[in-house]
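Participant: Would you mind keeping the following structure in view while I ask a few things?
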Amino acid sequence: MSKETKKPFRQSMAEWRQFIYNPNSGEFLGRTAKSWGLILLFYLVFYGFLAALFTFTMWVMLQTLSSDIPKYRDRISSPGLMISPKPDTALEFYFNRSDSQSYSEYVTTLQNFLESYNDSKQSQNIVCTPGQIFDQSDAAVKKACQFNISQLGQCSGKEDANFGYSKGTPCVLVKMNRVIGLKPEGEPRIECTPKEEGMVNINYFPPNGVMDLMYFPYYGKSLHAHYLQPLVAVQLAIRPNGTKEEIAIECKILGSPNLKNQDDRDKFLGRIAFKVLMSE
Amino acid sequence: MKRELELDDHKLDVKELEVKYSTSATKGLSEAAATERLLRDGPNELRPPRGTPGCVRFGRQLAGGLQCLMWVAAAICLIAYGVQEGEGDRGSSDNLYLAVALIASWSFTGCFGYYQEFKSTNIIASFRNLVPQQATVIRAGQTLQVNAAELVVGDLVDQGGDRVPADILLAAQGCKVDNSSLTGESEPQTRSPECSHDSHLETRNIAFFSTMCLEGTATGLVISTGDRTVIGRIASLASGVENERTPIAVEIEHFVDIIAGLAVLFGATFFVVAMLIGYPFLRALVFFMAIVVAYVPEGLLATVTVCLSLTAKRLARRSCVVKNLEAVETLGSTSVICSDKTGTLTQNRMTVAHLWFDGQVHAADTTEDQSGQSFDQSSESWALLSQVITLCNRAQFKPGQEGVPVAQRDVIGDASETALLKFAEVTSGSVAAARGRYPKVVELPFNSSNKFQVSVHDAGPQQLLVLKGAPERVLERCRGALRGGEERPLDPRWRQSFEGAYAELGGRGERVLGFCARWLPAGSVPPGTAPEALAEVAHGLCFAGLVSLIDPPRATVPQAVRKCRTAGIRVIMVTGDHPITAKAIAAAVGIISEGSETPEDVAERLHLPLEQVDPRQARARVVTGAELAAMAPGTLEHLLRTHPEMVFARTSPQQKLVIVESCQRLGAIVAVTGDGVNDSPALKKADIGVAMGIAGSDAAKNAADMILLDDNFASIVTGVEQGRLIFDNLKKSIAYTLTKNIPELTPYLIYITASVPLPLGCITILFIELCTDIFPSVSLAYERAESDIMHLKPRNPRRDRLVNEPLAAYSYFQIGAIQSFAGFTDYFVAMAQEGWWPLLVLGLRPRWEDAHEQELQDSYGQQWTFAQRRYQQYTCYTVFFISIEMCQIADVLIRKTRRLSLFQQGPFRNRTLVVAIVFQVCIGCFLCYCPGMPNVFNFMPIRFQWWLVPMPFGLLILVYDEIRKLGVRRHPGSWWDRELYY
C-alpha cells in the first residue's frame, strides 16, 4: 500500500535534481566525476577493441575477395531488361509530337546514352565474329567488341536527330543488364508486343531485334573497362488511331533458353513493360 | 458488511422456530418447499469472491504498457500501408504484413497470458469440486442423503461426526464441535439444544457452517445457508481486503515501464533525426515504429510467465500448489514467516511424550510413525502403569483396520485418549485383548468438575480400580505410590520428586495426566453400580505414574526452521494455543533457539521483578493475545524489532492480521499460514498467504496465494528455496532476452544514419523474439542454483531489483554490442561476397530502395534489378538473424552463471538448455532452408560460411564473460565487481 502513495511533486522534482547533480557527493547522474571517467575509459577501450576487431575482420575479408570477379553471382543468374530513355515517373512516355519541348528530355537522354557508343570512343574495341560467344577467359587483357551505332538505323540519331519523336515514330533503346560471365544460349532477340493490336507498328534495329552473342560474356568493370552492352532499338510507328491513347508495350527477350522472362516476382527479369501516350 | 450479524433465532424455542421457518422439527420440510426455497436462496455454498470478468481480464492482458506500444506500432504500419496504397504505390505490402504479424503475435501472447491466469484461478475451483459434501436431511419425514449445497433454510438436519453443512440450530440431542475454523480455539465445544448465551456466537445451541462435529449426534434446523451463514459473512469480509501486488509484479511493471519509455524515447529521437536528415514524414514514422518493434522485448512476458509456471509445477510436485504464479517469486523474497502451530509445525495429534514412574522421567517416541519405544520397560512399576493406561481408556479403534500401522489407525474418542490408546497398543500389545481379559464393570467418564476418569474391571479373583486425571486431583486420592513395582507410602522425598516431574513436564507445554490403581476384593463393586458411586470408592489408591501428552512437532520442521534461520528468514509462531505449550513447541522446533531467553526467563535467572528486566537481554518473547490487545499502537513494531524470536499465543485470527501488518510496516515481506475462515483477511493482507490443504477451509484457500497439500511447514521452506532460485534464474533469463535487443536495434540506427540497405527486417525480429529465443530463455529456468541460495539473506525488494543497472549495461552495451558487431560483420561479408563492397554500401540506401531503379551497378559493374536487390536484402536479414542466433547460443551459455565459471557449473549439466539450443538451431535451419520462406517470411537460404562468420564473436562473448566472472570472483567489492556483477 505504501508503494502506492504518491510523492508530492516538489519532492520528486527535488529527487530528480538531486539525481542530475548532487552537490553533496559531487555526483552527476548518479556517478562522481571519477566514476564517470573510469566507466567511460572502460567503454572506450571496449569499443576500441571491438572496432579494431571489426576493421581487421573486414580487411581480412576484403583480402579474400577478387577485385575482378565477385565471389558469387547466383543472385543475378539471369539479367534484367531496361530501356533508355527512362522516364522519371514510372515507365510512361508522354509527349506531343509537335511540341519539341515535350520530348527534348528523351532526346537528350538518348544522345547522351549513345555518346559512349561513338566510333571515336570505340577505337580500341575490336571487330568480333558475329554469331558466336567471344570467350576470352584465357586472355590477360579482355577486349571489347565494337557495337556499330549504324546498326540502329533510324534510331541511331544520325538520320533523325529527334529519334523519330517528331514524326510519331519514337525510338526506345532496349538493353540487357550487365552480368559477369553470362553466356546466352541460342539466338537471343528482343520482341515487343503491344497490349492492343492495331495501334502501333514495331520495327527493330538491328533487324529482328537480335542481340549478337559476340558481345558476351562480360568480364566485369575492371577487366573489361571498355565493354559496351549490345542495344536493340525499338521504333514504335504509332498509327493515327493510336494517338491520344495509352499504348502498353511489353518487350521480352526470346530465343534463349537460359534467359528468364516469365518470373512472377521480378517484372524486369528478361522483360520490361512501358507505356506510350503521344498526342499531336 | 462489517455490521455484526443480528440473530436471535437461538432465543426462540422449537415451536416458535417451526412457525418462523414454516417447517416441522420432526418431519422437516416437504420436497416441494425445499425446491422452492433452493430456487429462492440459491445453493448452500460460499460464493468465491467475485473475480473480474473473463473479458476484462483478457482485455487487461492485451492492454499492458508494452502491448499498447505494439498496438501503436501496428497502427502506424497500417497507416503507412494505407497511405502508400493511396498513392498507388503497389508492391509495398511489407507494412501490411508487419502489422498483421504484430497483431497476431501480441494477440497470441495475450491469449497465452490469459490462459495461464485462467488455469491458475481454476485450481481452486477444482479443489472445491473434489469432494462434494453430503448431508443427512429429513424431508417429509424421510431421511435422505443430499448434497450439502442443496440444503435450504428450515431443513431438518441430522448431524453426525462430519462437517456442519450450514448454520444449524439444535433441536434435539447434543454433540461436540471444533470451532477452530471460526474462532481459532481448538478445544472442542459442547453443543446442546439449550440457549445459553445472548450472543449467537457464544450460545450453545447453534452449530456453525464449516465447523467440525467431533462426536455425538444432533438434530437441528437450518437457520441460514451459503453466504448468509456466519462464516459466509466473514469470508465476504475478507474479499474487502485489498490484495497486495506481488513484488515480482511490481518489478516487472517497473521494468516494463522503463523499457517502454526507452523505446519511445529512442523511437522519437530517431524520428526527429530522420526528419532532420530529410526523410518524408511517413518514412520517419515507419522508422519510429521499427525502432519500437526492435527495442521492445516481445518475448519477455511470455518467458517470465513460462518460467514462473514451470516453477509452480515443480512446487506442485512437492505439495505446494501455487494459485498466483507471481507468488512463486514472492516466496523467495520472504523475510518473515508467520506460521500456525497446530498441524503446520506440529503433527496435529496428541502423542505420549514422556512418562514418569519410579521417580524417573522416560521419553517416549514421538516420531510420526511411532515405530520404536525405547524407554526402559523392565520395571515392575511399568507393568502396572501400562495396565492402567490400557484399561482406563474409553477410546477404541474403528473396526477393520488390522493391517494399518497403529499410528495411522482411526480411533473413536478424544485426542488424549486416542494418544494413550495408540501408545498402549504399541508398547503393550493388543488393547482389545487386554480389555477382554479385564472386562469393565462400571465406569465414570471424565467430567470437568471431577477432573478424573475412573473405571473398575474384573480381574479374576479381584477387581481392579483404575483412575486417571489431573495429577494433583489424582494424588489427593492416593495413599501410596509405586516404586519398583511395590507400593510404598507417600513420603516427602517422593512428593518432591513428583512435584518436580510434574512441573518439568508441564513447563514443556505438555498435558500431564496422573494414573493410579487399587486392587479391590472381587464383588466390591457389583455390576450396575451407579457410576457416581465410584467417586466414593476411589480412595486410598496407589499412584502408578505420570504420562504427559503433547502434539509433537513434525520431524522435518526443526531442520526447516534452521534452514530459514540460515536463509535470514524470521519465523514467528502465531497460535491460539496456551503460551506455555506454544513456547515449548517453539523451543522444540527452534523458533526459540537454544540459549534464548524470554524476559520471564531473565527475570527468573536474575531474581529480578519482570519490570526491571532490560528487554534487550531477551532474544525471545512470548506475547499473548490479551497483551497484544492492550498494546499501544507502535508497541508491537517495537517488540518485533527488539526480539528476534517471537511467539504469539492465545491470539485471535484478527490479531494475526495486526501482526502481519506490523511486520509489513517494518519492511518485511511476510508469508502467513492459515487454515480457518477468519484467517482469510490475514492471508490476503500478507505478501504471500499460505493455506493448508488438509485442514484449510475453502475461504482460506480462496484467499491464499499458495496451498500446502501436506500442511507441512517444511514445504514452505522448499517454496522459499524455489522462489529464490527462480528469481536468480529470471534474472538470467531476462538478461538473455534483453541482450538481443541491441543487435536488433542497431541495424535500424545504422540504416537511418549511414543509409545502408536494411540489414534486419521487422518480421525477422519478431521471429527472434517470439520463436527461436523463447526456448533458451525458458530453459534457463531449469538452471540449478550457483551457490547455496539458502545461505543468503532474503533480497531487499527495494534495493535488489530484478533488473538492475549493471545487468542492463552489461547486456546492452557489452554483450549486445559484441552481437551487433557480429551481425554487421556477417552482413558486410554477405554483401561483399555477392558484389557489394562495404564502401559502396554506405549511402546506397536511396538508390537501393528505389523501386524504379532496375539497373543498379554493384562494385563489379553488374546491374541488378529491384527484385534481385530485394532478395539480396532478405539474404542480409537472414545472415543477420543467424549471427544473432549464433551469438545468443554463446549468450545463453554465459547466462547460466553470474559468478561461477561456466565450467564450474557444467556447460551441459542443464539438459533442457542443451535441447533448447539444438532446437533453436533447428528452427534457424528450417527458417533458412524451407522452400517458400523467401516470399513468406523473408528468409533466404544462406551459404554455410555465413554461419561461421559470427562464431568468433560468440567465442569472444564466452571468453569475455569468463574474464568478467573471474574478476568478480577474485576481487569482490572491487570496481570490476560493482560495475560488472549483475
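The values are calculated or read from the model by the stated rules, or taken from the named source; none is laboratory data. Computed from a predicted model, the values in this text were never measured in an experiment. Every residue, glycine as well, gets a Cβ built from its backbone with ideal geometry; the counts of neighbours run over all protein chains shown. When the accessible area is computed, the model is the full protein with side chains, heavy atoms only, and any ligands, DNA or RNA have been set aside. Shrake-Rupley method; radii C 1.70, N 1.55, O 1.52, S 1.80 Å.
Participant: Go through region A:48-66 residue by residue and tally those that are in a helix (DSSP H, G or I), open to solvent by less than 60 Å² (accessible area, probe 1.4 Å) and facing another protein chain (nearest Cβ under 9 Å).
Facilitator: 8
Participant: Tally up the residues in region A:228-252 that are within 14 Å of another protein chain (Cβ to nearest Cβ) and crowded, with 21+ Cβ neighbours inside 10 Å, please.
Facilitator: Of the residues in that region, 2 qualify.
Participant: Which condition number in (1) at pLDDT 90 or above; (2) surrounded by fewer than 24 Cβ atoms within 10 Å (Cβ to Cβ) is the one that B:Glu721 fails?
Facilitator: If we test B:Glu721 against (1) at pLDDT 90 or above; (2) surrounded by fewer than 24 Cβ atoms within 10 Å (Cβ to Cβ), just (1) comes out false.
Participant: What residue, among those in region A:67-90 that are within 7 Å of chain B (Cβ to nearest Cβ) and in a helix (DSSP H, G or I), is surrounded by the fewest Cβ atoms within 10 Å (Cβ to Cβ)?
Facilitator: A:Arg75
Participant: Please specify each residue of region A:151-175 satisfying the condition of being open to solvent by 70 Å² or more (accessible area, probe 1.4 Å) and among the small types (Gly, Ala, Ser).
Facilitator: If the condition is that a residue be open to solvent by 70 Å² or more (accessible area, probe 1.4 Å) and among the small types (Gly, Ala, Ser), then no residue fits.
Participant: Hey, another quick one. Looking at (1) more than 13 Å from B:Leu541 (Cα to Cα); (2) open to solvent by less than 30 Å² (accessible area, probe 1.4 Å); (3) more than 51 Å from the chain's Cα centre (by Cα), which is the one condition that is false for B:Val431?
Facilitator: Failed condition: (3).
Participant: Next up: Which one of these does B:Pro527 not meet: (1) more than 52 Å from the chain's Cα centre (by Cα); (2) in a helix (DSSP H, G or I)?
Facilitator: Answer for B:Pro527: the failing condition is (2).
Participant: Follow-up question, since we're still on this one. Which residues, taken from region A:98-145, are in contact with a strand residue (DSSP E or B) (Cβ under 7 Å, 6 or more places away or on another chain), open to solvent by 30 Å² or more (accessible area, probe 1.4 Å) and not small (Gly, Ala, Ser)?
Facilitator: Once the filter is applied, which keeps residues that are in contact with a strand residue (DSSP E or B) (Cβ under 7 Å, 6 or more places away or on another chain), open to solvent by 30 Å² or more (accessible area, probe 1.4 Å) and not small (Gly, Ala, Ser), region A:98-145 yields A:Thr109, A:Phe113, A:Ile126, A:Phe134, A:Lys143.
Participant: Name the single residue, out of those in region B:871-894 being within 9 Å of chain A (Cβ to nearest Cβ) and hydroxyl-bearing (Ser, Thr, Tyr), that is farthest from A:Leu91 (Cα to Cα).
Facilitator: That would be B:Thr875.
Participant: Moving on to the next point. How many residues, within region A:52-105, are touching a Phe, Trp or Tyr at 6+ places or on another chain (Cβ under 6 Å) and among the acidic types (Asp, Glu)?
Facilitator: 0
Participant: Same structure again: Within region B:838-870, which residues are within 11 Å of chain A (Cβ to nearest Cβ), under 26 Å from B:Leu927 (Cβ atoms) and surrounded by 20 or more Cβ atoms within 10 Å (Cβ to Cβ)?
Facilitator: Selection gives B:Trp864, B:Thr865, B:Phe866, B:Gln868, B:Arg869, B:Arg870.
Participant: Here is a further query. Are any of the residues in region B:116-133 at pLDDT 80 or above and either under 38 Å from the mean Cα position of the chain (by Cα) or of a type outside the set (Asp, Glu) (or both)?
Facilitator: No, region B:116-133 contains no residue that is at pLDDT 80 or above and either under 38 Å from the mean Cα position of the chain (by Cα) or of a type outside the set (Asp, Glu) (or both).
Participant: Return only the number of the condition from (1) open to solvent by 50 Å² or more (accessible area, probe 1.4 Å); (2) closer than 22 Å to B:Asn393 by Cβ that B:Pro461 does not satisfy.
Facilitator: All conditions are met except number (2).
Participant: So which of B:Glu594, B:Glu600, B:Glu611 is closer than 20 Å to B:Leu345 by Cβ and either open to solvent by 60 Å² or more (accessible area, probe 1.4 Å) or not in a strand (DSSP E or B) (or both)?
Facilitator: B:Glu594
Participant: Still on this structure: Which one of these does A:Ser120 not meet: (1) in contact with a Ser or Thr (Cβ under 8 Å, 6 or more places away or on another chain); (2) more than 30 Å from A:Lys260 (Cα to Cα)?
Facilitator: A:Ser120 satisfies every listed condition except (1).
Participant: Being touching a strand residue (DSSP E or B) at 6+ places or on another chain (Cβ under 7 Å) and in a helix (DSSP H, G or I) is the filter here; which residues of region B:453-482 pass it?
Facilitator: Those that are touching a strand residue (DSSP E or B) at 6+ places or on another chain (Cβ under 7 Å) and in a helix (DSSP H, G or I): B:Pro471, B:Arg473, B:Val474, B:Leu475.
Participant: Still on this structure, please answer the following. Could you look through region B:18-47, keep only residues that are within 43 Å of the chain's Cα centre (by Cα) and open to solvent by 70 Å² or more (accessible area, probe 1.4 Å), and pick out the one that is modelled with the lowest pLDDT?
Facilitator: The extreme case among them is B:Arg47.
Participant: I'd like the full set of residues that are open to solvent by 70 Å² or more (accessible area, probe 1.4 Å), among the basic types (Lys, Arg) and in contact (Cβ under 8 Å) with a residue 24 or more places away in the chain, limited to region B:937-982.
Facilitator: Result: B:Arg969, B:Arg978.
Participant: Looking at region A:144-160, which of its residues are in contact (Cβ under 8 Å) with a residue 24 or more places away in the chain and not polar (S, T, N, Q)?
Facilitator: Across region A:144-160, the qualifying residues are A:Ala144, A:Cys145, A:Phe147, A:Ile149, A:Leu152, A:Gly153, A:Cys155, A:Gly157.
Participant: Under the condition of being over 31 Å from the mean Cα position of the chain (by Cα), open to solvent by 10 Å² or more (accessible area, probe 1.4 Å) and touching a residue at least 60 places away in the same chain (Cβ under 8 Å), which residue from region B:903-936 is farthest from B:Arg970 (Cα to Cα)?
Facilitator: Here the residue is B:Pro934.
Participant: Looking only at region A:255-274, which residues are surrounded by fewer than 17 Cβ atoms within 10 Å (Cβ to Cβ) and away from every other protein chain (no Cβ under 12 Å)?
Facilitator: Within region A:255-274, A:Pro257, A:Asn258, A:Gln262 qualify.
Participant: Would you please name the residue that is modelled with the lowest pLDDT, looking only at residues in region B:76-93 that are in a helix (DSSP H, G or I) and in contact with a helix residue (DSSP H, G or I) (Cβ under 8 Å, 6 or more places away or on another chain)?
Facilitator: B:Gln84
Participant: Filter region B:808-830 down to residues that are within 16 Å of B:Tyr982 (Cβ to Cβ) and among the aromatic types (Phe, Trp, Tyr) and give me whichever is nearest to the other protein chains (Cβ to nearest Cβ).
Facilitator: B:Phe813
Participant: For the condition away from every other protein chain (no Cβ under 13 Å), β-branched (Val, Ile, Thr), over 23 Å from B:Cys762 (Cβ atoms) and not in a helix (DSSP H, G or I), what is the one hit in B:Thr897, B:Thr912?
Facilitator: Of the residues listed, the single one that is away from every other protein chain (no Cβ under 13 Å), β-branched (Val, Ile, Thr), over 23 Å from B:Cys762 (Cβ atoms) and not in a helix (DSSP H, G or I) is B:Thr897.
Participant: May I ask you to list the residues in region B:373-410 that are under 20 Å from B:Pro439 (Cα atoms) and surrounded by fewer than 19 Cβ atoms within 10 Å (Cβ to Cβ)?
Facilitator: Selection gives B:Ala383, B:Arg394, B:Ala395, B:Gln396, B:Lys398, B:Pro399.
Participant: Any residue that is under 40 Å from the mean Cα position of the chain (by Cα), within 12 Å of another protein chain (Cβ to nearest Cβ) and in a helix (DSSP H, G or I) - is there at least one of those in region A:30-47?
Facilitator: yes
Participant: Could you tell me which numbered condition A:Lys221 fails, if it satisfies all but one of (1) under 21 Å from B:Gly835 (Cα atoms); (2) without any contact (Cβ under 8 Å) to a residue 40 or more places away in the chain; (3) of a type outside the set (Val, Ile, Thr); (4) open to solvent by less than 10 Å² (accessible area, probe 1.4 Å)?
Facilitator: (4)
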